[in-house]
Amino acid sequence: MIQRDYIIRLIQQLIDSLFMLFDKMDLNEEELSNQLENMYIDYLDQSKIFYRESSMDDVISFLQNRYGDDEYLYRIEMLTEIMYQDGMHDNNKSEKQETLLKALELLVYLDNYSNVYSLVREGKMEAIKKELKQ
């Protein structure tokens, strides 16, 4: 119970950090990219490139090994949130597409393996599909 409360607070902290980051109007693209890279490392112990370029199996395996069966789904949720925000704000079309495709894959994984139904997750999946069609 204590561990679950901790991870829920960690997720909320991540979401708050993302909102504060994208709310700052004075950040240039490089600063924004650096801040996001730090979030990947701070919250998930690997770089953006690792998560974007690794196979789904490798990402899932890493997170399971690093955080255990009790926590890895929460970490996937955190990863999808970072990747979703990162992809939606990326100006480089090919990187945007790669990041959003990986986020979509992870959201589908969560949909299949989490015992919690989420309207927010469904909304993000639809938003990504819409964005990728453009």
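Using the Karplus curve 6.51 cos²θ - 1.76 cosθ + 1.60 with θ = phi - 60°, work out ³J(HN,Hα) for each residue of region 45-55 in order, rounded to whole Hz, and write x for Gly and Pro.
Result, ordered by residue: 6, 8, 7, 4, 4, 4, 5, 6, 9, 7, 5 Hz.
Give me the distance in nm between label points sitting 7 Å out from Cα along the Cα-to-Cβ direction at LEU10 and ILE41, one decimal.
That separation, rounded to one decimal, is 1.8 nm.
Once the chain is represented by equal point scatterers at the alpha-carbon sites, with solvent omitted, what log10 I(q)/I(0) does the Debye formula produce at q = 0.10, 0.11 Å⁻¹?
Reported log10 I(q)/I(0), two decimals: -0.30, -0.37.
Once the other residues with Cβ under 14 Å from the Cβ of LYS130 are scored (Lys, Arg +1; Asp, Glu -1), what is the net sum?
Numbers: positive: LYS96, LYS124, LYS129, LYS133; negative: GLU122, GLU126, GLU131.
The answer is +1.
Quick check on region 67-109: what does the Kirkwood estimate of hydrodynamic radius come out to from the alpha carbon pairs, in Å?
10.6
Direction-averaged shadow area of the convex hull around the Cα atoms of region 40-96, nm²? All intermediate terms of the calculation are to be shown ahead of the outcome.
Details: hull surface 14.9 nm².
If you wrap the Cα atoms of region 40-96 in a convex hull and average its projections, you get 3.7 nm².
Cα centroid distance between region 32-53 and region 88-134, in Å?
17
How large, in percent, is the carbon and sulfur part of the accessible surface of the chain at a probe radius of 1.4 Å?
Numbers: 3930 of 8120 Å².
Summing carbon and sulfur atoms, their accessible area is 48 percent of the total for the chain.
Can you pull the one-decimal nm distance between simple spin-label points at HIS89 and GLN64, each 7 Å off the Cα toward Cβ?
Calculated label separation equals 3.2 nm.
Count charges around ARG75 for me, please; just the other residues with Cβ under 10 Å from its Cβ, Lys/Arg as +1, Asp/Glu as -1. Don't skip to the answer; put the middle values down first.
On the way: positive: ARG66; negative: ASP45, GLU71, GLU77.
Net charge around ARG75: -2.
Spelling out what I want: for every residue of region 86-94, take phi, set θ = phi - 60°, compute 6.51 cos²θ - 1.76 cosθ + 1.60 (Karplus), and round to whole Hz; glycine and proline get x.
Once rounded to whole Hz, the list reads 4, x, 5, 9, 7, 8, 7, 4, 5.
Can you compute the FRET efficiency between ASN28 and ASN115 using 1/(1 + (r/R0)^6), with r the Cβ-Cβ distance and R0 = 41 Å? Round to the nearest 0.05. Write down the numbers at each step before the final one.
Details: r = 42 Å, r/R0 = 1.02.
My answer for the efficiency is 0.45.
Enter the accessible area per residue of region 48-134 (Å², integer; probe 1.4 Å; all protein chains in place).
Working: 4750 Å² over 87 residues.
So region 48-134 comes to 55 Å² accessible per residue, rounded to a whole number.
Below 8 Å, C-alpha to C-alpha, sequence gap of six or more: please give me the relative contact order for the chain in percent. Before the final figure, lay out each step's value.
Working: 87 pairs, mean separation 26.3, N = 134.
In percent, rounded to a whole number, it is 20.
The values are calculated or read from the model by the stated rules, or taken from the named source; none is laboratory data. The structure displayed is predicted, hence computed values, not measured ones. FYI the Cβ positions are ideal-geometry reconstructions off the backbone, even for glycines, and counts take in every protein chain you see. These accessible areas exclude ligands, DNA and RNA; they are computed on the full protein's heavy atoms, side chains included. Shrake-Rupley method; radii C 1.70, N 1.55, O 1.52, S 1.80 Å.
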